[in-house]
1. Express the Stokes-Einstein translational diffusion coefficient of region 15-99 in µm² s⁻¹, to the nearest whole number, given a Kirkwood radius over alpha-carbon pairs, 10 °C and a viscosity of 1.306 mPa s.
2. Where does each of Ile123, Ile149 land when they are ordered by accessible area, with a 1.4 Å probe and the largest first?
3. Once label points are set 7 Å from the Cα along Cα→Cβ at both Gln38 and Gln66, what is their separation, rounded to one decimal in nm?
4. Counting each DSSP H run of 4 or more residues in the chain as -39500 (n - 2.57), what helix-only mean residue ellipticity at 222 nm follows after dividing by all residues, to the nearest 500 deg cm²/dmol?
5. Give the accessible area for Thr111 in Å² (nearest 10); use a 1.4 Å probe, count only protein heavy atoms, and leave out ligands, DNA and RNA.
6. Enter the accessible area of Asp163 (Å², nearest 10), with the probe set to 1.4 Å and all protein chains included.
7. So for the chain, averaging the separation of alpha carbon pairs under 8 Å that are six or more residues apart and normalising by length, what relative contact order in percent results?
8. Multiplying the sequence separation of Leu22 and Asp128 by 0.36 nm and subtracting their Cα-Cα distance, what value in nm do you get?
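The values are calculated or read from the model by the stated rules, or taken from the named source; none is laboratory data. Please read all numbers here as calculations on a predicted model, not as lab measurements. So basically every Cβ, Gly included, is an ideal-geometry build from the backbone, and we count neighbours across all protein chains shown. Quick note on the areas: whole protein, heavy atoms, side chains included, nothing else; ligands and nucleic acids left out. Shrake-Rupley method; radii C 1.70, N 1.55, O 1.52, S 1.80 Å.
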Amino acid sequence: MMTASSTLPYAGAQVFILHGYLASPGDHWFPWLRDALQAQGAQVIVLSPPEPAAPEPARWDAYLQQALPPLGPNTLLIAHSLGGIALLRHLQHQPTEAPLGALLLVSGFDTALPGLPQLDALINISLDYARLQTLAPRRALLAAADDAIVPASLSVALAERLDAPITVLPNGGHFLGSEGVLELPAAKSLLDQLRGPHGGSGWPQYSPGACTV
């Protein structure tokens, strides 16, 4: 017998949101996205890795190993900025027999950032992009053309290595609360598409001078 809750679009989904450098679970657009997904039936946890102001790879790796469940089709992962590379580090060591339901990287990157050498220890790792593609067959990226912290070109390069569609908004910066970004409908829309029957297949790829919306 179907109940009202079982017909919600995210019924049965376990969603994990991972923030980045200097952030916390209550920052930026994370509470808004949590509430929007919970209203549609998802179980949502905004993760809180240790010492976000001084991230250490071993501690973040151990935290994610403990905090995240085994992968499966109902596991949806969203990460912002430094959280993206930390999540990819974690994912590439997981079994490939049960790919996750969706992976969305917001302001993602996988190379060193100008002016932020303190993050290099987390970033300087060899990623197995082919394995990551197998682990996350439904994957996408979101960036902004005016991001002054993670240039959109770095997100585009990561999307190319992951063979993933990327949406580049003309405005949005680094999607920070201090920039006025307390809601992020574009992230919810992309997650809806990944969750849908086609899993984002057929989306247009980013090309220089163009934005997908």
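1. Once the numbers are plugged in, D ends up at 120 µm²/s.
2. Ile149, Ile123
3. If labels sit at Gln38 and Gln66, their model points lie 2.3 nm apart.
4. So the helix-based figure for the chain works out to -8500 deg cm²/dmol.
5. 50 Å²
6. 100 Å²
7. Taking the mean separation of contacting Cα pairs over the length of the chain, I get 19 percent.
8. My answer for the length gained is 35.5 nm.
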